Amino acid sequence: MPDATKHILLVEPEPMLRRTVAMTARSLNLGQVHEAATSAAALRLLSVRTFQGAVIAVDCVGSGKDSRYDLGLIDRLRADAAANKQGLSIAIMTETATPELLSDLRERRISRVILKPFRARVVLDTIETMCRSGKT
Amino acid sequence: MLIAATPDNEAARLAALYDLLLLDTPAEERFDRIVAFAATEFDVPIVTITLIDTDRQWFKARTGTELCETGRDISLCSHAILEQDILVVNDTLLDARFADNPLVTGMPHIRFYAGAPLTMPSRLSLGTLCLIDRKPRTLDAMELGILRTLRDLVVLELRNISEVADA
């Protein structure tokens with residue numbers, strides 16, 4: 001029998017927020033939230049399973065003219081989803097949404113942008129929506 | 001005002017509480033960050049991690065109140081530790097148990113209360129993680145789930161203390 005559980009990847013460096021979201025999602029049967037504090041940890045999780053949704057903290061890296069948002073993990077998720085012929089909802093959490101970032105996110109079909117500061121509730125609502133949508 | 005009943009397992013409960021060596025100790029970041037997170041998450045002015053001693057409630061962590069303890073006889077948390085799940089009082093003025101409680105009629109003027117019992121694996125409830133507001137409100141299923149999670153994080157910290165003590 002296929003596993004009906006929706007697996008969601010949560011990439012968030014702040015442990016309190018990450019644990020609260022993952023534990024609450026589990027207790028309310030919203031889905032199985034897999035936690036990663038860094039992109040490197042997320043890539044390790046990607047190597048062992050596929051996900052039906054992801055909520056990813058996107059931070060600006062570098063400084064000055066060389067600063068840019070690190071969207072590498074999102075590109076990897078999209079590539080994996082395409083390879084597996086799966087739908088994949090991706091939401092991001094970020095400090096600010098510049099026009100350049102929003103353009104990049106539209107290209108990557110990001111379903112939701114969550115601006116900081118936000119409550120754990122907002123992330124949980126997003127995960128609940130992902131798990132209830134028929135995109136899997 | 002209704003004074004909370006004494007739990008049937010009071011002697012064992014107090015013994016477990018004293019074994020933690022936590023009463024009257026300084027604030028600790030691991031507990032402070034949970035109450036700070038809860039205050040922001042639920043947008044309430046007061047959050048405490050309350051431990052119920054013989055005749056007082058003492059706050060291991062608190063935000064939004066200068067009180068560090070009150071008498072157990074007026075403690076809403078003393079009612080909460082008798083519950084299996086979260087005790088929610090949407091409006092204390094509409095609840096005969098609490099309407100004339102000095103913590104309701106006077107400072108800090110509690111109108112809304114939600115107390116999640118800190119129940120150890122031994123089933124002994126040592127205190128609560130509690131939310132207080134000065135206006136009536138409700139919690140929906142998602143909010144109750146988040147409060148349970150934050151309570152579980154407090155219990156994990158208490159278990160860590162207990163396990164270190166037992167080692």
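Is it fair to say B:T128 is touching a Cys at 6+ places or on another chain (Cβ under 7 Å), more than 14 Å from chain A (Cβ to nearest Cβ) and in a strand (DSSP E or B)? Give the derivation first.
On the way: touching a Cys at 6+ places or on another chain (Cβ under 7 Å): yes; more than 14 Å from chain A (Cβ to nearest Cβ): yes; in a strand (DSSP E or B): yes.
Here the answer is yes, as B:T128 does meet what is asked.
Test each condition in (1) more than 17 Å from A:V21 (Cβ to Cβ); (2) within 14 Å of another protein chain (Cβ to nearest Cβ); (3) hydroxyl-bearing (S, T, Y) for A:S103 and report the one that comes out false.
Every listed condition holds for A:S103 apart from (2).
Pick from the stretch A:55-77 the residues that are surrounded by fewer than 18 Cβ atoms within 10 Å (Cβ to Cβ) and in contact (Cβ under 8 Å) with a residue 24 or more places away in the chain: which of them is farthest from the chain's Cα centre (by Cα)?
Checked the stretch A:55-77; the qualifying residue farthest from the chain's Cα centre (by Cα) is A:C60.
The rows are residues; the columns are (1) buried (at least 16 other Cβ atoms within 10 Å of the Cβ); (2) within 14 Å of the chain's Cα centre (by Cα).
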{"site": "B:L14", "(1), (2)": "yes, no"}
{"site": "B:T48", "(1), (2)": "yes, yes"}
{"site": "B:K60", "(1), (2)": "yes, yes"}
{"site": "B:G71", "(1), (2)": "no, yes"}
{"site": "B:A99", "(1), (2)": "no, no"}
{"site": "B:M107", "(1), (2)": "no, no"}
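Please give the strands (runs of 3 or more DSSP E) falling wholly within the stretch A:1-109 in which 2 or more residues are of a type in the set (A, V, I, L, M) and within 19 Å of A:R132 (Cα to Cα).
A:7-11, A:53-57, A:89-94
What's the total number of residues in the stretch B:44-55 that are within 14 Å of chain A (Cβ to nearest Cβ) and in contact with a helix residue (DSSP H, G or I) (Cβ under 6 Å, 6 or more places away or on another chain)?
1
Only one of these is closer than 29 Å to A:M16 by Cα and within 14 Å of chain A (Cβ to nearest Cβ): B:E69, B:E28, B:E41. Name it.
B:E41
Each row is one residue, and each column tells you yes or no for (1) assigned to a strand (DSSP E or B); (2) farther than 15 Å from B:L150 by Cβ.
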| site | (1), (2) |
| --- | --- |
| B:L2 | no, yes |
| B:T25 | no, yes |
| B:F31 | no, no |
| B:F59 | yes, yes |
| B:R62 | yes, no |
| B:L67 | no, yes |
| B:H79 | no, yes |
| B:R97 | no, yes |
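State which residue pairs qualify: first residue facing chain A (nearest Cβ under 7 Å) and inside the stretch B:145-158, second residue of a type in the set (D, E, K, R) in any location, beta carbons under 7 Å apart, and separation of 6 or more residues or different chains.
Pairs found: B:I146/A:R121; B:I146/B:E41; B:L153/A:R19.
For the stretch A:29-54, name all the residues that are in contact (Cβ under 8 Å) with a residue 12 or more places away in the chain, over 14 Å from the mean Cα position of the chain (by Cα) and within 13 Å of chain B (Cβ to nearest Cβ).
Result: A:L30, single match.
Do we find a residue being assigned to a loop (DSSP other than H, G, I, E, B) and at pLDDT 95 or above anywhere in the stretch B:143-159?
The answer is no, given that none of the residues of the stretch B:143-159 is assigned to a loop (DSSP other than H, G, I, E, B) and at pLDDT 95 or above.
Being farther than 20 Å from A:C60 by Cα and either modelled with pLDDT under 90 or under 13 Å from the mean Cα position of the chain (by Cα) (or both) is the filter here, so list the residues in the stretch A:99-121 that pass it.
none
Please name all residue pairs, on different chains or six or more residues apart, with Cβ atoms under 8 Å, provided the first residue is in the stretch A:11-24 and is at the interface with chain B (Cβ under 10 Å from one of its Cβ atoms) and among the hydroxyl-bearing types (S, T, Y) and the second residue is crowded, with 22+ Cβ neighbours inside 10 Å and assigned to a loop (DSSP other than H, G, I, E, B).
A:T24/A:L30
The values are calculated or read from the model by the stated rules, or taken from the named source; none is laboratory data. Everything numeric in this text was worked out from a predicted model, so none of it was measured. Quick reminder, even Gly has a Cβ in these numbers, built from the backbone with ideal geometry, and neighbours come from all protein chains shown.
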